[in-house]
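Undergrad: Attaching a single structure in structure tokens format; questions to follow.
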Amino acid sequence: IIRYGYSESSFSVVVSEEYDGQASAIVLIPGQPQEGTVSMGEYSYYRFNVQENTNRSVTFTAVPITGDVKYFVSTCTSGQTLAQCTMPTSSYKTWYSEDTSQQTALRISTADPHFCTDCIYLVGVTTDDTLTQGSNEHSAHFALTAAVDGTTVRLQDRLPFRATISAD
């Protein structure tokens, strides 16, 4: 890959592979939005590694660019390979986002009984006809961000991000 520019710029390259006909989960970098597209009735998968002794809440934020998205989250222990983990779906998940055409944020508190460290959070993003009803779109384009409390979120040109600030 060669990148040439006349001024300061930044970019990221996403490489994915298939295992038994299924695309592997794309790694989420803390605080860096990752663009994705998902077709109606299918899932795009992502993973977020949380290091041992990380005693801070984890937040996933999805901002639809076109269409509507919802996502499901589960965990996998760090000793397992991704092939041994069950990817989250609407019928198999630990947490899930609410259906919305706006940003959805899911915060997993350290007090949650399923919160884990030294593990992998798996995220399955989808769209379906209940979300695209009345629309000619059969897919959704979105930006997904994962972070632990205290992570700086990188803002990117032409990529929306919305957040709230607590009064604490």
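Values quoted throughout were computed directly from the atomic coordinates according to the rules given, and no laboratory measurement underlies them. On a predicted model such as this, the values are computed, not experimentally measured, just so you know. Glycine also receives a Cβ, built like all others from the backbone with ideal geometry; neighbour counts cover every protein chain displayed.
Undergrad: Sort segment 21-109 into rounded, prolate or oblate with this rule: let a ≥ b ≥ c be the square roots of the eigenvalues of the Cα gyration tensor; rounded if a/c is under 1.5, and if a/c is not under 1.5, prolate when a/b is larger than b/c, oblate otherwise. Mind showing how you got there, number by number?
TA: On the way: a/c = 1.64, a/b = 1.22, b/c = 1.35.
In terms of gyration-tensor shape, oblate.
Undergrad: Could I get the Rg over Rh figure for segment 37-78? Both from C-alpha atoms, Rh via Kirkwood, rounded to two places. Don't skip to the answer; put the middle values down first.
TA: On the way: Rg = 13.2 Å, Rh = 12.9 Å.
Taking Rg over the Kirkwood Rh, I get 1.02.
Undergrad: Quick check: residue separation of Ile65 and Ser91 times 0.36 nm, minus the Cα distance between them. What number comes out in nm?
TA: On the way: separation 26, 0.36 × 26 = 9.36 nm, distance 2.54 nm.
Full extension from Ile65 to Ser91 adds 6.8 nm.
Undergrad: In addition: If you stretched the chain out fully between Ser39 and Glu98, how much longer would it get, using 0.36 nm times the residue separation minus the C-alpha to C-alpha distance? Could the numbers behind the result be given before it?
TA: Numbers: separation 59, 0.36 × 59 = 21.24 nm, distance 1.85 nm.
Working it through step by step, the gained length comes to 19.4 nm.
Undergrad: Further, regarding this structure: For the peptides 63-72, 46-55, what is the packing order when you average, over each peptide's residues, the other Cβ atoms within 10 Å and list the highest mean first? All intermediate terms of the calculation are to be shown ahead of the outcome.
TA: Working: 63-72: 20.5, 46-55: 14.9.
Highest-to-lowest ranking by the protection proxy: 63-72, 46-55.
Undergrad: At Thr81 and Ser57, where each label point lies 7 Å from the Cα along Cα→Cβ, what is the point-to-point distance in nanometres?
TA: 3.7
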